[in-house]
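First comes the structure, then the notes that go with it.
The values are calculated or read from the model by the stated rules, or taken from the named source; none is laboratory data. This is a predicted model, so every value here is computed, not measured. Counting neighbours? That spans all protein chains shown, and the Cβs are built from the backbone with ideal geometry, glycine included. Just so you know, the surface numbers come from the protein's heavy atoms only, side chains and all, with ligands and any DNA or RNA stripped out. Shrake-Rupley method; radii C 1.70, N 1.55, O 1.52, S 1.80 Å.
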Amino acid sequence: MNFTEIAMNRQSCRRYDAEKPVEAEKLSAVLEATRLAPSACNGQPYHLTVCKGEKAKAVAEMTMGMGMNKFAADAPVVIVISEENYVASAALGAKVKGNDYRSIDIGIAAAYLTAAAAAEGLGTCILGWFDDGKIRELCGLDKPVRLVVTLGYAKQDDILRTKKRKALSELVTEME
Ligand SMILES: Cc1cc2nc3c(=O)[nH]c(=O)nc-3n(C[C@H](O)[C@H](O)[C@H](O)COP(=O)(O)O)c2cc1C
């Protein structure tokens, strides 16, 4: 798949085949692509905790508050993206420029992860709704959890939805 095909095929998967595990080599390929994501001052201020089996189930449970994200229970892999410290130059840049580079970096890493998974034929869903404290406890993390990503094969009858997005004319202004 070229990048446009990956972008067209990636969608948030909310129907996982709980019986179909993710092959170790596919998971490695996804993580390796995520490792290559760019970040401010190349600092990579995040950590990925890859949860499988009972740990995946326990973390998934912590994304289901108020009836949300029930589908996460079927995902064979759940990846927790937590903060790490800035490198000194990125910390200085963030302070001087008043920009939250760490959040940007985490978003880019999640984009790489989900695109790489799509290229491997895997489904993902980025979750921003979760219990930070409880996931930290479950995963032994001492820094904030910023995103949780479910990973697995979509059920066979899960269809590719039509993308709903803003029109380019609304999203883009061209200037010379
Ligand atoms: C930061 C972030 C948080 C999100 N949180 C959730 C979530 O908690 N539950 C969920 O089902 N989808 C969540 N999503 C998925 C979005 O709803 C989805 O990406 C968007 O509607 C576009 O649909 P698509 O991913 O299928 O193209 C999140 C996406 C992002 C980027």
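Identify, please: which residue in segment 141-176 is small (Gly, Ala, Ser) and touching a strand residue (DSSP E or B) at 6+ places or on another chain (Cβ under 8 Å) and is, among those, farthest from Thr124 (Cα to Cα)? So that I can check it myself, show each step before the final result.
Step one: list which residues in segment 141-176 are small (Gly, Ala, Ser), which gives 152, 154, 167, 169.
If we keep only those that are touching a strand residue (DSSP E or B) at 6+ places or on another chain (Cβ under 8 Å) too, we end up with 152, 154.
On the way: Gly152: 7, Ala154: 9 Å.
Per the criteria, the residue is Ala154.
Restricting to segment 127-145, give me the number of residues that are within 16 Å of the ligand (Cβ to nearest atom), outside any helix (DSSP H, G or I) and open to solvent by 20 Å² or more (accessible area, probe 1.4 Å). Even if it seems obvious, please write down each step before you answer.
To start, the set of residues in segment 127-145 that are within 16 Å of the ligand (Cβ to nearest atom) comprises 127-132, 134-135, 144-145.
Within this subset, residues satisfying the condition of being outside any helix (DSSP H, G or I) are 127-131, 144-145.
Checking the rest, the ones that are also open to solvent by 20 Å² or more (accessible area, probe 1.4 Å) come to 128-131, 144.
Total meeting the criteria: 5.
For the structure I just gave you, tell me whether Thr124 is in a strand (DSSP E or B) and within 14 Å of Thr34 (Cα to Cα). Walk me through how you get there before you give the answer.
Numbers: in a strand (DSSP E or B): yes; within 14 Å of Thr34 (Cα to Cα): yes.
So Thr124 passes the test.
Which number in (1) without any contact (Cβ under 8 Å) to a residue 40 or more places away in the chain; (2) closer than 26 Å to Gln156 by Cα marks the one condition that Val96 misses?
Only one criterion in (1) without any contact (Cβ under 8 Å) to a residue 40 or more places away in the chain; (2) closer than 26 Å to Gln156 by Cα is unmet by Val96, namely (2).
Answer yes if at least one residue in segment 106-118 is assigned to a loop (DSSP other than H, G, I, E, B), within 16 Å of the ligand (Cβ to nearest atom) and at negative phi, and no otherwise.
So in segment 106-118, the residues assigned to a loop (DSSP other than H, G, I, E, B) come out as none.
For segment 106-118, residues assigned to a loop (DSSP other than H, G, I, E, B), within 16 Å of the ligand (Cβ to nearest atom) and at negative phi: absent.
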